[in-house]
Amino acid sequence: MSFVKKLPLTPLLLLIFTHAVFGWLVSVEAHGVWQSTVKHQSTVVDYDSPLALLWMGGVHPTHWNVFWWPLVKGIVCILLISLALTAPFKLIKTCYSSWLQSDFRAFMSVIVASFLGVMIISSLNVFVRMLVLIAATALARVDLRTANYSEWFAFWLLSIVSLFGYSLGLTLPALK
């Protein structure tokens, strides 16, 4: 019983809510792309940003009748966010300090960072969604850290709660 009392319920509920909204948005976008493609019998759909094209690129109604590709991308995204926020800081520090010891690696890091900056600016709507997911997960992670939960337990709890919210959001449009 003390295990449940120590859980930070407010950040976990916020995490469920934000991932439910994310799942709902993915579901609505995938269904809209699918309907547009079926209506026009065309495989070319105009996207408003390059990241939206990468995100929705696998939705094609003649190959699949369900939108499993955005679903898989969402699950991978959620697991990567949870893993990135629960990784031990010693491991992260070791990776970054060894990576930036060479001038060539530092130069390549600057080039990649500037490219990512351009991608973020050109598709701000997708980036803001990811930023909200990262912020909600970080808040829950900080509260789990304050409650002295282990790294792996925090990873699994954040992953399960996030995937529950995401699946809840995916099923919301089907309930109407």
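Can you find a residue that is in a helix (DSSP H, G or I), closer than 26 Å to Y149 by Cα and at pLDDT 60 or above anywhere in the range 19-41? Yes; the residues of the range 19-41 include at least one that is in a helix (DSSP H, G or I), closer than 26 Å to Y149 by Cα and at pLDDT 60 or above.
Checking each residue in the range 8-18 for being buried (at least 17 other Cβ atoms within 10 Å of the Cβ) and at pLDDT below 90 picks out only P8.
Being under 27 Å from S159 (Cβ atoms), at pLDDT below 60 and surrounded by 13 or more Cβ atoms within 10 Å (Cβ to Cβ) is a property that G57 has.
For the range 114-127, the criterion of being polar (S, T, N, Q), at pLDDT 85 or above and over 20 Å from H19 (Cα atoms) is satisfied by at least one residue. The one condition from (1) part of a helix (DSSP H, G or I); (2) modelled with pLDDT of 70 or more; (3) more than 25 Å from L139 (Cβ to Cβ) that L80 does not meet is (3).
The values are calculated or read from the model by the stated rules, or taken from the named source; none is laboratory data. Note that the structure is a prediction, hence the values are computed from the model and not measured. Cβ: placed from backbone, ideal geometry, glycine included. Neighbour counts: every protein chain shown.
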